[in-house]
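Okay, so here's the structure we're looking at.
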Amino acid sequence: MAGEAKFIEATMEKPLSRDDLIRFIRSVISDEQQQEADPFYVLDLGATRSLLHTWFHHLPMLQPFYAVKCNPNPAFLKEMAALGTGFDCASLAEIETVLSLGVSPDRIVFANTCKPESHIKYAAKVGVNLTTFDSNCELQKIKKWHPKTALLIRIKVPETSNTATFEFGSKFGALPEEIVPLLRAAREAKLQVVGVSFHVGNRAINSHAFEDTIEVAKTTFETAAQLGLPKMHILNIGGGFTSGPNFTETASDMKVTFHKHFPKEVLGNAGLRIMAEPGRFFANSSFTLAASIIGKRNRGEAKEYWMNDGVWGSMSFLRYGRDEVNCTPLAIKKPVCKGMKTWSSTVYGPTCDSSDIVLKGYELPELDVNDWLVFHDMGAYTSSCGNDFNGFKTSAIPTYIAYQRNDGQLIGTDPSGEQFSIV
Ligand code: PLP
């Protein structure tokens, strides 16, 4: 661990510029030793570190427990572990992965409200002692297999304040009228409910959902006190954060809300622990994807291409109608020049599914087989959500690690762990 801290000190804590990322990718695809034909990711460690810095700069009181489901890339998890974050795990396998990095079980929240019994038993065995629930059935399973665990009651986000791109509908969270019966049931089962959790949904557009739900959480703290339960001391505000200007605004509104509802605690007087489960915030801009052109067809003025990743792979978010990808074509044989003629182009993914379409009517310069497309901000719900449809294995897409040393030198590590530097 001490060695890793030194490594962190010696490298820059800022993201690579887009130009440096392209330089890095060019080097990977042109170097005969490294040459990739299949898609690959680049993990920018400077981007990850700078995001953590931004997080603590704006929200020093909020402990991040990175949501592993968002991107369980081993190098990324190792980096987050070295940087000292906690982890939100949804299953036995995710807990196993995080523990294998040497992370202690008290840095894990088992944040799945409905867990298979075997997973609960495993959590008890390895000492993961914080989990969430929103049903009586879950309480009974926990009573049977892990009665010593601390519990967070997950509450539903008020519908009127939900602005997330992908909210969690009716599946998660206790309704207001269910809170008292659930707290009573926990008391009868002699289980300890130590706090409240919620999740406003992926990519919350503004901070209202957080503010409104923190208010409901505060009411739940009061309800528990009225029922005579021991004083709650954890508020888990889940994920839903995005990086960029939106984060600064959300963070400043959130601080006001914390002070309004938990004034003493935020000042550290009454021992309230505030935690969050950010996934997208840390993973999204840490990863860039490069995929290559594997086929081409000209239809009059329109150009059609096939590339070796698609909606059953890294771009599964397109199946839910989410299309905010940033596409920068990179031609290797014919360098793209400013002002080069572009064509309205369609880019298909590699499978035999006719709806496997990544881009439509998108302006691209003329490309050929073995030219590349680079997609920035591709770390959130990409590699973790694709599958192996038609034999294109999303989980096998390799990752190169990139970082810049303090002297400016760009360093890479290939998927086998070999280091190289880029001139
Ligand atoms: N926590 C829970 C319980 C989740 O279900 C999710 C995502 O689905 C997250 C955290 C991470 O959310 P995000 O990536 O929006 O931060």
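Relative to the longest principal axis of the Cα atoms of the chain, helix 208-226 runs at roughly 20 degrees. A convex hull fitted around the alpha carbon atoms of the stretch 94-143 yields 65 Å³ per residue.
For the stretch 407-423, backbone phi angles converted through the Karplus equation (6.51, -1.76, 1.60; θ = phi - 60°) give residue-by-residue couplings of 7, x, 5, 8, 10, x, 10, 7, x, 8, x, 6, 8, 8, 10, 10, 8 Hz, Gly and Pro being listed as x.
For Phe87, the amide hydrogen comes within under 5 Å of the amide hydrogens of Tyr66, Ile108, Val109, counting only partners 5 or more places away or on other chains and with H modelled in the peptide plane. Residues in the stretch 70-81 carry Karplus couplings, in order, of 5, 6, x, 3, x, 5, 5, 4, 4, 5, 4, 5 Hz; the curve used is 6.51 cos²θ - 1.76 cosθ + 1.60 with θ = phi - 60°, and Gly or Pro positions show x.
Available extension along the chain between Asp31 and Asp19 is 2.5 nm, counting 0.36 nm per residue and deducting the alpha carbon span.
Close amide H contacts of Ile357 (hydrogens built in the peptide plane, cut-off under 5 Å, sequence separation of 5 or more or a different chain): Val311, Gly349. Ordering Pro365, His146, Leu92 by Cα displacement along the dipole of the chain toward the positive end leaves His146 in first place; charges were set at the Cβ atoms of Lys, Arg (+1) and Asp, Glu (-1). Cross-link check: pairs Lys231/Lys260; Lys69/Lys125; Lys69/Lys121 evaluated at a Cα-Cα cut-off of 27 Å; no pair lies beyond the cut-off. Residues whose amide H falls under 5 Å from that of Leu130, counting only those 5 or more places apart or on a different chain, are Phe110, Ala150, with hydrogens built in the peptide plane. Counting only Cβ charges, +1 for Lys and Arg and -1 for Asp and Glu, the dipole size of the chain around its Cα centre is about 980 debye. In order along the stretch 127-143, the phi-based Karplus estimate (6.51 cos²θ - 1.76 cosθ + 1.60, θ = phi - 60°) of 3J(HN,Hα) comes to x, 8, 10, 9, 8, 10, 8, 8, 8, 5, 4, 5, 4, 5, 5, 5, 4 Hz; Gly and Pro are listed as x. Taking the DSSP bridge list for the chain and keeping only pairs wholly inside it, about 50 percent are antiparallel.
Relative to the globular-protein estimate of 2.2 N^0.38 Å, the Cα radius of gyration of the chain stands at 1.06.
Bear in mind these aren't lab numbers, they're just calculated from the coordinates by the rules spelled out. Keep in mind that what you see is a predicted model, and the values were worked out from it rather than measured. Glycine gets a Cβ as well: all are built from the backbone with ideal geometry, and neighbour counts include every protein chain shown.
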